[in-house]
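Below is one structure, written out as structure tokens; comments come after it.
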Amino acid sequence: MDILDRPHWTLSASLEGPLLEFRLGDGRRLDWRAKRPAYLLDQAQHAMAARDFLGDDLARRLAGSEARVLHVQIDDALDAAAWESLQIGSTTLAGHFCLGRHLVSASDAVAALQSVRADALAVVVVHGAASRVCPWARHVALDALEQSASRDTIAAAHVLVLDGVELTEVLARANPPLHAHLFVLGAPQPPALLARVLDTGAALLVLRHAADLSGEPLQAVLRQLENGASVGESVRSVHRRGAPAHFDARVYGDPDTRFVRMQSPTSRRQVTSLSFDLVGSTALMARIGDEAYADMLARLHARCADVVRRHGGLPDDPQGDDGVMCYFGHPSAVEDAPVHAVEAGLELVRTVCELGVAVRIGIATGLVAVKAGQPVGLSIHLAARLQNAAVPGKVMASEATRRLVAHRFALRALDAPLRLKGIEEPQDAFVVLAARSDTGAHPAEPLPALTPLVGRQTELDRLDHCWNKTRAGVCCVVVVRAEAGMGKSRLVREFRNTLLMRGVRVLECRCRADASASPYLVLAEALRRWLGIGADEPRTDALAKLAAALPQASRQGEPFTLLAAMLGLGAQPSHATPAVLRQRLLQLLLDWLGQFMQHQPSCLIVEDWHWADPSLRAFVERLVAQPAAAGLLVVINTRGGSAQAPCAFPVDEELELAGLPPDAARSLVRLTCRDTPLPAGFVRMLAERGDGVPLFLEEATRMALESGGERAEAASAALERVPASLQDLLMARLDRLGDAKALAQVAAVLGREFSLEVLTALLESGHWALDAVTLAQRLAVLEASGLVRAVGAGQFAFKHALIRDAAYGSLWARDRHALHARVVSLLQERWPDRAAMQPELLALHQTEAGQHHDALAQWERAARNAAARSAEFEAISHLRRALAVLSHTQPGDARDRTGLRLQLSLAARLIATEGYGAETVLHAYQEAERLCDRIGDDAARFKVEMGLEAYRFMRADFGLALEHGRRAAAIAQRSGDLGQRLHAHWGLACTLFHQGALRATMREMDAGLALYTPALHQRFGVQDPGVMCLAYSSWALWELGQPDKALARILHANAIASEFEHKFSQAVAMAYAVSIELLRGETEAALHRADACIQVCEDAGFPVWLAIARCMQGRLLCEQGHHAAGLRDMRAGAEMWLATGSMVSQPLYMVLQAEGLMLAGQSDAATACVDQGLAAVQRYGERQLEAELLRLRGELAWRRGERAHAEGCFASAYALAIRQRRLGFALRSATALARLWAADGRSARARRLLVPLVARWTEGRGTRDLRDALAVCAQWA
């Protein structure tokens, strides 16, 4: 009950000689009295315990009372007492009650203030000198009160704040209509003057200190009034906050006074609307008459309303109409509301047939706004329009509803979308045919298939272990516990399928909320499935199936009749009471299944035990207790933690499912979108958002795909919405919170994590205001529900991001905006240091409050901070937010320059997280190019050209890449900028390197390195061109026959990257170090470094270098004989590489895989890889590894015994490598050719080829290739 709805109490006090007389009552039956010494009045002018002033009895009664309005009626002489500060328990009188003082000297003839119900609060400050009180209010100078305009302003006010002026002066000069005002005074007033004002029906708020007029507590009171709170509620709320420590304010008059209409409760929620209407009502009325029609219509509405309510729906008032709109998920959410709505629709069709009429039914699902209990939304209109379009006797559903019920019902799409009145877009619609015969699909799984089970192998193994115990003749009970969405049903389904494939009989009971009060209904449905009795099975056939499955003794008489009635195949016997029949039925079922289990081990699965009806619980309890249960495995899944005992019988094994670990979560996301790969960064964000909850992960991924997962903007927007398939589940959990739901909504505005300090400040005033005690109580409810948990001292967090999003999304936009604006003010006024350290926090609230200009600066600052610490995903998120905010600012040169800066920064971050060749990178650079064309900026143009060069390079479009690179070099030459020149050399060198122009590559590399010093590192963002030059040139040095210099150079690059703790540079340097060590034949060192590189890339989210490292790791594993694991890693790395949009380096991946396949003895697959690699060389002109591919082709030909072909390949490989000056690959080809010649008896020719080539090597004698070559030469010594 609301505090103002409780009976008001009156505490009257008078001074009768030496005694104070007190009387407490409600004016009706309650009446308590006390007398106390008069000298206590002097002490009561300061805070004291109520029992010391009022006596123990009255103080105890006040402390034990619920919060309510308390009128303190006193003599003038008692006005000096600090009634508000009297201590009762842990609070004060003003903190516990809505307290108002009433002076006995005031006349009773004038009615109390008649509350004015306005839409906005009008506050006027009357002042003498300049005033800083309530700067947002209207201000009127005392000297101006004689002007008619000023008097009109005073007359229209609700609240008059007097700052530095006397009340008597205002009354004399303005002569305001007192009955319509609350006067706020900054000092105590004589009782006679107060009584004069109270006589008019006005109210007063008297502050003990003038300074309090400009204090925050008064602002809080006025904000409460502005939101429709009463004067008493507003002041009580401030008294209860506990900060500031003391607010000495006294209310005179009726504390129930309010000026602004109370805001109606508002919310947003997903609702499934069902509209049904009678077919041919006009003709029917004409045929049977209006009176008969009215009776029939009343019966129809009553029966239909009963059907709707039984399925969890709420029928609206028909108000004399033939049809009715019904809501599922309103006023409280219901899990699977669309399913309940369709079930109700099908039953309605059957029900009205019995009345000899027909209905049309339309069903639609969508988000609606709820105000004053009435839902409003487009989906409601859509349901009505679908109903108009439906065929009589049919149920028609919208596309949104179809997606949510397709696992339970067969639907047929209409031939063409419908064009419906008032709805612009054509609508896909579906006719509901019937419930599916096998409703075993998981509720959140759209047909036709489930994603593979991920991360639950341990649990499956434990279930299988329990089954093995059952096969040995033991009854075993397993309980699987987890919260909703964690995959209980998915796990049990996987295990069930395993048993069915082994030929095991499985009886599966699927409990549900709407059947929890229906005895044996779930068990009957399970037995029908077990016996193979379909929904439309002829009764005789169904009875025959039942008889065939029963023991001989139960195939006739009462046993058979009882079982048939339970399965809905006959009438219930009437010769015994229902209780007796239930007991007999229970025993029959136990005997039947007990005999069956004696012949073979069996499994009973009970899904969602928390919804099991008492009869089913009794059946399972009795079943596991009887001796015949040996050889029975019972698997029960239920919600809740281990503290909740799900059953009253011994449990042998308990499995409590936790969330999936991050790697398994990412795997599940990838499996869910296997046909449409998402960017690696987005996969990571989805995995983080899902919190390891499989249902959340799958549904969020599907929504992202439906929203356009290939487009970054659409996919990112999808992250901020709750999937429709989860709306009912999440809202049902929120609705169960009761009054604490509002607290969850406000806390959600602060984010996934929130501090109690900020939440308390946010709730100090406004429509959502809560006092400290109520806040603590409701926060305890949130914690007890498991939706919110403490994560530190004064810090809390929503358990799941989607719970927070559901709570946030249930707020109206206007409420969200107002709350965010209040948070902005709080951060800037009370916690400026926090706002400065966390610009993204301030930016978020500014964005949601519509403060776009300020938000833009904070988002950009947040992105810079994130980038500085290599938090690339956070930087990308901030930059995209900034670009979204930018679109709301004024067009012009300043906006274009800001947009250019943001796009270039975004592109750099995307290169790190998605790869140089990602479409998102191209889009960012193209936007930047467009802005460059508009405003002209050579420095930015250089970055654009270099970015496009990198993109074209990664797409293996080397011609265009060189064009962009040369344009960038020209800009750098004109500017003379050291950083630009270094970047330009690196860009050109990279393209030339892959084209096979090794000498030109080294010229550019050396020129770049001549300009580079590690001190320049801080000038660069994601990519340090010096580190890149060092890495690439290390490979080039190996190819030039300088393997020791190559190793030294790449180790130098690693040292620089480590020194500056730059994650991207570390990934690059380590990946190339792995390559160099692999080329040198140093397998152990390379494998160790590959592991470290993979760790860095996974932690920071660098898919390009992760792909390279995975491939290298796979190749090294093959070298050690771990062929299966190695080949798997190489395939995964190559797929990851292509997923970034990169087409370059395919010859490298084909070389690595071919070598691994050759080590594994898979020559045919290796040949296919070599052919594919050479095809890529011809297609893209990437000739760096062409010689190596030719050599491998020769090795494979030699294995097949094709010596002539092998010799030709080796010779071609050697000639090409020498022509390209690639001594490393030349040595490999020459060694292979020399071996072949020597084997054919042409040792002299082999010596003439190999010995001079080995002599050209001045270092690297310990590397594998040189050792192999020297071993061949040693044969001729």
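Here are the numbers:
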{"read-out": "Some residue of the range 290-303 being closer than 24 Å to L382 by Cα, without any contact (Cβ under 8 Å) to a residue 24 or more places away in the chain and not basic (K, R)", "value": "yes"}
{"read-out": "Some residue of the range 366-378 being on the phi < 0 side of the Ramachandran plot, at pLDDT 90 or above and in contact with a His (Cβ under 6 Å, 6 or more places away or on another chain)", "value": "yes"}
{"read-out": "Sole exception among (1) surrounded by 15 or more Cβ atoms within 10 Å (Cβ to Cβ); (2) assigned to a helix (DSSP H, G or I); (3) touching a residue at least 12 places away in the same chain (Cβ under 8 Å) for I1218, by number", "value": "(3)"}
{"read-out": "Flag if A742 is farther than 30 Å from T92 by Cβ, crowded, with 18+ Cβ neighbours inside 10 Å, modelled with pLDDT of 90 or more and not basic (K, R)", "value": "no"}
{"read-out": "The range 1147-1205, residues that are surrounded by 16 or more Cβ atoms within 10 Å (Cβ to Cβ), under 22 Å from R1235 (Cβ atoms) and of a type in the set (D, E, K, R)", "value": "E1155, E1186, E1188, R1191, R1193, E1195"}
{"read-out": "Matching entry among M1150, M1158 (being out of contact with any Ser or Thr (no Cβ under 7 Å at 6 or more places or on another chain), assigned to a helix (DSSP H, G or I) and within 20 Å of A1226 (Cα to Cα))", "value": "M1150"}
{"read-out": "Residue that is modelled with the lowest pLDDT [pool: residues in the range 629-644 that are out of contact with any strand residue (DSSP E or B) (no Cβ under 9 Å at 6 or more places or on another chain) and surrounded by fewer than 17 Cβ atoms within 10 Å (Cβ to Cβ)]", "value": "A643"}
{"read-out": "Lone unmet requirement of (1) crowded, with 24+ Cβ neighbours inside 10 Å; (2) of a type outside the set (D, E, K, R); (3) modelled with pLDDT of 90 or more for M1005", "value": "(3)"}
{"read-out": "Test for R930: is it farther than 27 Å from E848 by Cβ and either assigned to a helix (DSSP H, G or I) or of a type outside the set (A, V, I, L, M) (or both)", "value": "yes"}
{"read-out": "Candidates L770, L844 - the one that is more than 24 Å from the chain's Cα centre (by Cα) and crowded, with 19+ Cβ neighbours inside 10 Å", "value": "L770"}
{"read-out": "Positions within the range 1228-1276 being under 23 Å from E1084 (Cα atoms), surrounded by 18 or more Cβ atoms within 10 Å (Cβ to Cβ) and not basic (K, R), in sequence order", "value": "G1260, T1263, D1265, L1266, A1269"}
{"read-out": "Filter result for E949 (surrounded by 24 or more Cβ atoms within 10 Å (Cβ to Cβ), among the acidic types (D, E), at pLDDT below 95 and in a helix (DSSP H, G or I))", "value": "yes"}
{"read-out": "Residue satisfying all of: in the range 171-192; modelled with pLDDT of 85 or more and assigned to a helix (DSSP H, G or I); surrounded by the fewest Cβ atoms within 10 Å (Cβ to Cβ) among these", "value": "A192"}
{"read-out": "Matching helices (runs of 4 or more DSSP H) fully within the range 214-316 where at least 2 residues are over 19 Å from L99 (Cα atoms), hydrophobic (A, V, I, L, M, F, W, C) and in contact with a strand residue (DSSP E or B) (Cβ under 9 Å, 6 or more places away or on another chain)", "value": "290-310"}
{"read-out": "Residue among L581, L586, L546 that alone is assigned to a helix (DSSP H, G or I) and over 27 Å from P601 (Cα atoms)", "value": "L581"}
{"read-out": "Check on A542, modelled with pLDDT of 85 or more and under 29 Å from I636 (Cβ atoms)", "value": "yes"}
{"read-out": "Number of the condition not met by F247 [criteria: (1) of a type outside the set (V, I, T); (2) at pLDDT below 85; (3) in the same structural domain as L382 (by TED's automatic domain parsing); (4) surrounded by 13 or more Cβ atoms within 10 Å (Cβ to Cβ)]", "value": "(3)"}
{"read-out": "Among the residues listed as A807, A849, A843, the single one being more than 13 Å from G751 (Cα to Cα), modelled with pLDDT of 90 or more, not polar (S, T, N, Q) and not assigned by TED's automatic domain parsing to the domain that holds M703", "value": "A849"}
{"read-out": "Residue match in the range 1240-1253 (condition: in contact with a Gly (Cβ under 7 Å, 6 or more places away or on another chain) and either small (G, A, S) or over 23 Å from S1163 (Cβ atoms) (or both))", "value": "no"}
{"read-out": "Positions within the range 485-511 being without any contact (Cβ under 8 Å) to a residue 12 or more places away in the chain and outside any helix (DSSP H, G or I), in sequence order", "value": "R502, G503"}
{"read-out": "Residue match in the range 1062-1070 (condition: more than 29 Å from L1266 (Cβ to Cβ), of a type outside the set (A, V, I, L, M), in contact with an Asp or Glu (Cβ under 6 Å, 6 or more places away or on another chain) and in a helix (DSSP H, G or I))", "value": "yes"}
{"read-out": "Yes/no for A806 being in a helix (DSSP H, G or I) and among the small types (G, A, S)", "value": "yes"}
{"read-out": "Filter result for the condition that a residue is free of Cβ contacts under 8 Å to residues at least 60 places away in the same chain and touching a Ser or Thr at 6+ places or on another chain (Cβ under 7 Å), over A59, A80, A47", "value": "A47"}
{"read-out": "Options T577, T638: the member that is among the polar types (S, T, N, Q) and within 30 Å of A484 (Cβ to Cβ)", "value": "T638"}
{"read-out": "Single match in A875, A894, A924 (criterion: touching a residue at least 24 places away in the same chain (Cβ under 8 Å) and assigned to a helix (DSSP H, G or I))", "value": "A875"}
{"read-out": "Members of the range 119-131 that are part of a loop (DSSP other than H, G, I, E, B), touching a helix residue (DSSP H, G or I) at 6+ places or on another chain (Cβ under 8 Å) and either surrounded by 11 or more Cβ atoms within 10 Å (Cβ to Cβ) or β-branched (V, I, T) (or both)", "value": "L121, A122, G128"}
{"read-out": "Subset of the range 924-948 (residues that are under 21 Å from V1104 (Cβ atoms) and touching an Asp or Glu at 6+ places or on another chain (Cβ under 8 Å))", "value": "V944, L948"}
{"read-out": "So L204, is it more than 40 Å from the chain's Cα centre (by Cα) and either among the small types (G, A, S) or at pLDDT 85 or above (or both)", "value": "yes"}
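Listed here are the residues, each with its yes/no results for (1) closer than 20 Å to V432 by Cβ; (2) part of a helix (DSSP H, G or I); (3) not hydrophobic (A, V, I, L, M, F, W, C).
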site: P331; (1), (2), (3): no, no, yes
site: A344; (1), (2), (3): yes, yes, no
site: L348; (1), (2), (3): yes, yes, no
site: T351; (1), (2), (3): yes, yes, yes
site: I361; (1), (2), (3): yes, no, no
site: A364; (1), (2), (3): yes, no, no
site: L367; (1), (2), (3): no, no, no
site: I380; (1), (2), (3): yes, yes, no
site: A384; (1), (2), (3): yes, yes, no
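The values are calculated or read from the model by the stated rules, or taken from the named source; none is laboratory data. Because the structure is predicted, anything quoted here is derived from the model rather than measured. So basically every Cβ, Gly included, is an ideal-geometry build from the backbone, and we count neighbours across all protein chains shown.
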